[in-house]
Amino acid sequence: MKTRTFRSPDGMNWQVAVRVPGASNAMVVFQGAPGRDRYAWHINAGAEARDVTARLDPAAVLASLGDDELTRLFRRSVPVSRPVPAVERG
């Protein structure tokens, strides 16, 4: 699973991963200090959104998210109510 680092407006570093891809959306998970993980939904308006059998590519979604979009998603994010599995480094 691909990740990237994001620095939130308060200066904290987060590892960002894309999970649960669907045809028109994907979960963007911000992994920070233990117990502080957050998530938000990225909505895609591309051609895949009109094909219910399609699935977004998590790596492509992550690559398409610029810092401005990540900041917007972070501001809209909510705490994860259960632990997120550790990100695989590779």
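FYI, it's all coordinate maths here, none of it is from the lab. All values derive from a computational prediction rather than experimental measurement. Virtual Cβ from ideal backbone geometry, glycine too; neighbours counted across all protein chains shown.
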task = Go through region 24-41 residue by residue and tally those that are within 11 Å of Ser77 (Cβ to Cβ) and surrounded by 19 or more Cβ atoms within 10 Å (Cβ to Cβ).
result = 6
query = Only one residue in Gly22, Gly11 is in a loop (DSSP other than H, G, I, E, B) and free of Cβ contacts under 8 Å to residues at least 12 places away in the same chain, so which one is that?
reply = Gly11
inquiry  = With the structure loaded, tell me whether Leu56 is buried (at least 19 other Cβ atoms within 10 Å of the Cβ) and part of a loop (DSSP other than H, G, I, E, B) or whether it fails that test.
reply    = yes
